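Peer 1: Here it is, the structure in full.
The values are calculated or read from the model by the stated rules, or taken from the named source; none is laboratory data. Since this is a predicted model, take the numbers as computed values, not measurements. Here the Cβ is made from the backbone with ideal geometry for all residues, glycine too, and neighbour counts use every protein chain on show. For the accessible areas, the whole protein counts, side chains as well, though only heavy atoms, and no ligand, DNA or RNA atoms are used. Shrake-Rupley method; radii C 1.70, N 1.55, O 1.52, S 1.80 Å.
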Amino acid sequence: MKAFTIQIGIFGRTNSGKSSLMNFITNQNTSIVSQISGTTTDVVSKQIEINPLGPVTLFDTAGIGDSSALGSARMEKTKEILNSSDVVLLLAETDKFGDLEIEIIQAADRRKTPVIIVISKNDLNPPDSNFIKELGSYSKNVLQFSSVTGNRDNFLNELKKILFGVLPENYIENYSPLKDIIKNDDTVILVMPIDAGAPRGKIIMPQIQTIRHILDLNACSYIAQDSQYQTILNNLKVKPVIVITDSQSVKKIAAITPADVKLTTFSTIFAADKSDIIEMAKGASALSTLKDGDKILISEACTHHASADDIGRIKLPKWIKEYAGQNIEIVYANGQDFPNIEELKTYKVIVHCGACTLNRKNMLARLNKAVEAGVPITNYGIAISVMQGVIEKVLEVFPEALKAYKQQLINNKE
């Protein structure tokens with residue numbers, strides 16, 4: 001899944017060689033190459049394995065400076081890729097570097113995204129030392145590229161060296177939000193009920209990723225539906241270090257979990273893994289301040305057909321209205337359609353899904369946009385734990401988040 005790969009966005013002017021670079025790196029004809037400007041009209045993506053970095057997703061974007069009738073729409077798509085990119089590859093032809101390229105660099109800087117400048121078509125117009133020096137003032141990482149005379153292995157080796165230097169450590173080393181909670185040989189119980197909304201024959205992504213975290217930490221996990229949870233507790237000779245449950249069963253599971261056993265939810269772990277759990281915890285406190293007529297945005301990162309048991313479209317709105325005891329207006333956004341800052345200001349709180357289809361960069365971009373708009377944001381699991389009255393138990397494993405939640409409750413009353 002793209003969300004678990006290193007995401008590299010390829011940006012540049014129209015006809016600067018972006019598609020050629022995409023094909024050169026992937027060694028496939030992934031993108032259409034043409035001398036006609038604007039050939040790439042939408043984002044093209046391709047996953048490849050670049051060892052030892054692992055899986056990488058490349059995004060070939062529409063050319064900046066596109067003046068066609070669809071240019072503005074294409075630029076919006078390009079901005080979305082900039083939000084999710086872990087690294088930017090910015091193409092610049094010799095002597096064609098100006099405001100358009102600087103704008104991309106500045107936008108990347110605002111997102112704290114490293115930029116690698118790639119001088120393209122160097123077989124047609126080789127750069128001189130002055131041009132290379134100029135680019136070096138904007139990025140210390142500059143490569144040269146030609147799809148005609150270039151050596152793919154040499155280029156990839158140089159690219160990998162740079163990526164090792166600009167990517168955060170947790171892209172190279174194993175990282176887990178559970179690393180301070182679970183230790184070698186610990187026992188963990190995972191409560192994973194199968195409901196009408198669960199895809200047949202599949203396990204949802206938050207559960208899959210949590211299982212992998214536990215394996216990486218050399219711990220032992222026991223998996224059961226909520227109806228078998230008590231049986232597992234009774235059969236274990238040693239109490240589990242932690243119980244991780246689906247949010248929809250958290251109240252039931254909390255009621256029968258021993259007081260000295262930690263408890264949290266898959267979605268809460270995703271808040272720590274995918275975004276800023278402290279900000280998400282603070283945002284959840286806003287649910288207690290809802291008044292008649294307030295608007296809430298429920299945001300889903302993926303697009304799917306809602307079932308009769310759908311959590312985002314059916315269950316969550318029902319629970320929110322019951323918890324608030326007010327006439328609350330619910331608005332939905334799904335997929336890439338996350339509102340702009342001015343639109344966000346119209347909402348009392350944003351309740352986001354677990355973001356299993358987004359990478360951390362993209363989810364943080366959404367969170368930061370909400371913070372800039374001054375609108376509290378939380379996710380499904382934390383919100384459900386608040387409404388089920390078990391939020392303090394669920395956040396105990398993330399003490400700084402629990403502290404932030406309690407303090408924000410006090411701030412809300414002042």
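Peer 1: Could you tally the net charge around THR378, taking each other residue with its Cβ under 10 Å from the Cβ of THR378, Lys/Arg +1 and Asp/Glu -1?
Peer 2: 0
Peer 1: Now for a different question. Shape verdict for the stretch 180-236, please, from the Cα gyration tensor: rounded (a/c under 1.5), prolate (a/b greater than b/c) or oblate. Walk me through the intermediate numbers first.
Peer 2: Numbers: a/c = 3.07, a/b = 1.28, b/c = 2.41.
Note, shape of the stretch 180-236 comes out oblate.
Peer 1: Pop a pseudo-label 7 angstrom from the Cα along the beta-carbon direction at both GLU158 and ILE194 and give the gap in nm to one decimal.
Peer 2: Between GLU158 and ILE194, the label points sit 5.4 nm apart.
Peer 1: With unit charges on the beta carbon (Lys/Arg positive, Asp/Glu negative), name the residue among THR57, LEU178, CYS220 whose Cα is farthest towards the positive pole of the charge dipole of the chain.
Peer 2: CYS220
Peer 1: Taking every DSSP beta bridge that has both residues in the chain, what percent is antiparallel when rounded to the nearest 5? Don't jump to the answer; show the numbers that get you there.
Peer 2: Values: 7 of 52 bridges.
Antiparallel bridges make up about 15 percent of those DSSP assigns within the chain.
Peer 1: For the chain, take the longest principal axis of its alpha carbons; what is the angle in degrees between that and the long axis of helix 99-110, to the nearest 10 within 0 to 90?
Peer 2: So the helix axis and the longest Cα principal axis differ by about 30 degrees.
Peer 1: Another one. To the nearest 0.05, how large is the calculated FRET efficiency for GLN106 and GLU49 if R₀ is 41 Å and r is the Cβ-Cβ distance?
Peer 2: About 0.80, to the nearest 0.05.
Peer 1: Sticking with this structure for a sec: Carbon and sulfur together cover what percent of the accessible area of the stretch 307-375 at a 1.4 Å probe radius? Write out the running numbers ahead of the final one.
Peer 2: Values: 1470 of 3150 Å².
After summing per-atom areas, the C and S share lands at 47 percent.
Peer 1: Could you give the angle, 0 to 90 degrees to the nearest 10, between helix 360-373's Cα long axis and the longest principal axis of the Cα atoms of the chain?
Peer 2: Around 80 degrees separate the two axes.
Peer 1: Still on this structure: Assuming 0.36 nm per residue, please report the length gained on full extension of the stretch LYS345 to GLU392 beyond their Cα-Cα distance. It would help to have the intermediate numbers written out before the result.
Peer 2: Values: separation 47, 0.36 × 47 = 16.92 nm, distance 2.83 nm.
Computed gain between LYS345 and GLU392 is 14.1 nm.
Peer 1: Computed from the mean reciprocal separation of all distinct C-alpha pairs, what Kirkwood hydrodynamic radius does the chain have, in Å? Please list the in-between numbers first.
Peer 2: On the way: mean 1/r = 0.0429 Å⁻¹.
Averaging 1/r across every pair of different Cα atoms and inverting gives 23.3 Å.
Peer 1: Still on this structure, I have one more. For the stretch 198-258, which trypsin sites (Lys or Arg not before Pro) pass both filters: DSSP loop (anything but H, G, I, E, B) and at most 14 other C-beta atoms within 10 Å?
Peer 2: Numbers: sites: ARG200, LYS202, ARG212, LYS237, LYS251, LYS252; in loops: ARG200, LYS202, LYS237.
In loop regions of the stretch 198-258 (DSSP not H, G, I, E or B), the sparsely surrounded trypsin sites (Lys or Arg not before Pro) are ARG200, LYS202, LYS237.
Peer 1: Rank by packing, highest mean first: peptides 263-272, 89-98, with packing defined as the count of other Cβ atoms within 10 Å averaged across residues. Provide the component values of the computation, followed by the final result.
Peer 2: On the way: 263-272: 27.1, 89-98: 20.1.
Order by mean packing, descending: 263-272, 89-98.
Peer 1: Can I ask one more? With charges only on Cβ, +1 for K and R and -1 for D and E, what is the dipole size of the chain about its Cα centre, in debye, rounded to 20?
Peer 2: Working: 45 positive and 46 negative charges, 147 e Å.
Dipole of the chain, to the nearest 20 debye: 700 debye.
Peer 1: Among ALA107, GLN207, ILE253, whose Cα sits farthest toward the positive end of the charge dipole of the chain (+1 at Cβ of Lys/Arg, -1 at Cβ of Asp/Glu, about the Cα centre)?
Peer 2: Going by the Cα projections, it comes out as ILE253.
Peer 1: Are there trypsin sites (Lys or Arg not before Pro) in the stretch 98-139 that DSSP marks as loop and that have at most 12 other Cβ atoms within 10 Å, and which are they?
Peer 2: Taking the stretch 98-139 and a limit of 12 other Cβ atoms within 10 Å, the loop trypsin sites (Lys or Arg not before Pro) found are LYS112.
Peer 1: Taking 0.36 nm per intervening residue step and subtracting the Cα-Cα distance, what contour gain separates GLU76 from ASN235 on full extension?
Peer 2: 51.7 nm
Peer 1: DSSP beta bridges in the stretch 195-350, what fraction antiparallel, as a percent rounded to 5? Numbers along the way, then the final one.
Peer 2: Details: 0 of 12 bridges.
Expressed as a percentage, antiparallel bridges in the stretch 195-350 total about 0.
Peer 1: Of LYS202/LYS295; LYS183/LYS274; LYS160/LYS274, which pairs sit farther than 29 Å apart, going by alpha carbon to alpha carbon? Kindly include the intermediate steps, with their values, before the conclusion.
Peer 2: Values: LYS202/LYS295 34 Å; LYS183/LYS274 22 Å; LYS160/LYS274 24 Å.
In this structure, LYS202/LYS295 exceed 29 Å between Cα atoms.
Peer 1: Please say if the stretch 280-371 is rounded, prolate or oblate, where rounded means a/c under 1.5 for a ≥ b ≥ c the square roots of the C-alpha gyration tensor eigenvalues, and otherwise the choice is prolate for a/b larger than b/c and oblate otherwise?
Peer 2: On the way: a/c = 1.77, a/b = 1.19, b/c = 1.49.
It comes out oblate by the Cα gyration axes.
Peer 1: At a Cα cut-off below 18 Å, give the aspartates and glutamates reachable from LYS406, other chains included and same-chain residues fewer than 8 away excluded.
Peer 2: ASP276, GLU279, GLU392, GLU396, GLU414
Peer 1: Still on this model: Tell me the angle of helix 71-84 to the major Cα principal axis of the chain, expressed in degrees between 0 and 90 and rounded to the nearest ten.
Peer 2: 60 degrees
Peer 1: Also, quick follow-up: Filter LYS179/LYS262; LYS262/LYS321; LYS179/LYS282 down to the pairs with a C-alpha to C-alpha distance above 20 Å, please.
Peer 2: Numbers: LYS179/LYS262 14 Å; LYS262/LYS321 29 Å; LYS179/LYS282 23 Å.
Among LYS179/LYS262; LYS262/LYS321; LYS179/LYS282, the Cα-Cα distance tops 20 Å for LYS262/LYS321; LYS179/LYS282.
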